[in-house]
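K.L.:
Quick one: this structure, given as structure tokens, is what I'll be asking you about.
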Amino acid sequence: MTTPQPAPGRPPAPVRAAGCVLWRRRAGKLELCLVHRPKYDDWTCPKGKAEEGEEPYDTAVREVLEETGHHCRPGVRLPTVRYTAKGHPKEVAYWEAEATGGAFVPNREVDELVWLAPDRALARLTYRHDLPLVRALLTALAGS
């Protein structure tokens, strides 16, 4: 996917991406899924760039499956995260999503996956802009 070039005098359009804060319950305890991307040496929630014409929800579901091997059932929309990556604005739409089955197989994008209690997930996340997503998930699940 090429990054569109802005018209002179206009800021560039943001790169569109989407993902999920993937969760499950094991023995009655909540666990969150984090992925390790060797290219960036980071721990984050599964996410990725939208394909041409793809809706954010569809991007989120596709990226979760590609990066984690898990199918999911998205629920509440979480905050959109905005930041700059490689000099370009990026906008990532997120949903909370329950894992409904599958198995992780390491791949070129993601070499490790962990399921952690929320407090351990908060401590492991690489980027500060991911922290509010976990808090929003906990609020969404408390309300359901």
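The values are calculated or read from the model by the stated rules, or taken from the named source; none is laboratory data. It should be emphasised that the depicted structure is a prediction, and the values quoted were computed from it without experimental measurement. Using ideal geometry, Cβ is built from the backbone for each residue, glycine included, and neighbour counts are taken over all protein chains shown. Remember, those area values only see protein heavy atoms, side chains included, never the ligands or the DNA or RNA. Shrake-Rupley method; radii C 1.70, N 1.55, O 1.52, S 1.80 Å.
K.L.:
Based on the mean of other beta carbon atoms within 10 Å per residue, what is the order of 128-135, 17-24, most packed first?
P.N.:
Highest to lowest by the protection proxy: 17-24, 128-135.
K.L.:
Looking only at the range 21-47, which residues have a backbone nitrogen under 14 Å from a spot 7 Å from the Cα of Arg82 in the C-beta direction?
P.N.:
Label zone hits: none.
K.L.:
Among Lys47, Lys29, Lys90, which one shows the biggest mean-square fluctuation in a GNM of the chain, springs joining Cα atoms closer than 10 Å?
P.N.:
Residue with maximal mean-square fluctuation among Lys47, Lys29, Lys90: Lys29.
K.L.:
For the modelled label position 7 Å from the Cα of Ala13 along Cα-to-Cβ, which residues of the range 54-70 have backbone nitrogen atoms closer than 18 Å?
P.N.:
54-59
K.L.:
Any idea what angle helix 131-142 forms with the longest principal axis of the chain, computed on alpha-carbon atoms, 0 to 90 degrees, nearest 10?
P.N.:
Once rounded, the angle reads 50 degrees.
K.L.:
Run the dipole for the chain about the Cα centre, Lys and Arg Cβ at +1, Asp and Glu Cβ at -1, nothing else charged, and hand back the magnitude in debye, nearest 20.
P.N.:
Approximately 400 debye in magnitude.
K.L.:
If we sort 115-126, 97-108 on the protection proxy, mean other Cβ atoms within 10 Å, highest first, what's the order?
P.N.:
Per-residue mean Cβ counts within 10 Å order the peptides as 115-126, 97-108.
K.L.:
If a/c stays under 1.5 just call it rounded; otherwise compare a/b with b/c (prolate if a/b is bigger, oblate if not). Do that for the range 79-127, with a ≥ b ≥ c from the square roots of the Cα gyration tensor eigenvalues.
P.N.:
Taking the square roots of the gyration eigenvalues as a ≥ b ≥ c, the range 79-127 is prolate.
K.L.:
To the nearest 10 degrees, how steep is helix 56-68 against the longest Cα principal axis of the chain, on a 0 to 90 scale?
P.N.:
60 degrees
K.L.:
Also, I was wondering about something else. On a 1.4 Å probe surface of the protein chains, which of Thr59, Thr80, Thr139 comes out largest in accessible area, and what is the full order?
P.N.:
Putting Thr59, Thr80, Thr139 in descending order of accessible area: Thr139, Thr80, Thr59.
K.L.:
I'd like the per residue volume of the convex hull spanned by the Cα atoms of the chain, given in cubic angstrom.
P.N.:
Value for the chain: 115 Å³ per residue.
K.L.:
Please list, or write none, the aspartates and glutamates whose alpha carbon is within less than 14 Å of the alpha carbon of Lys47, excluding same-chain residues fewer than 8 places away.
P.N.:
Excluding near neighbours in sequence, the set is Glu55, Asp58, Glu63, Glu66, Glu67, Glu91, Glu96, Glu109, Asp130.
K.L.:
So which GluC sites (Glu not before Pro) in the range 31-91 are both in a DSSP loop and have at most 10 other Cβ atoms within 10 Å of their Cβ?
P.N.:
Glu52
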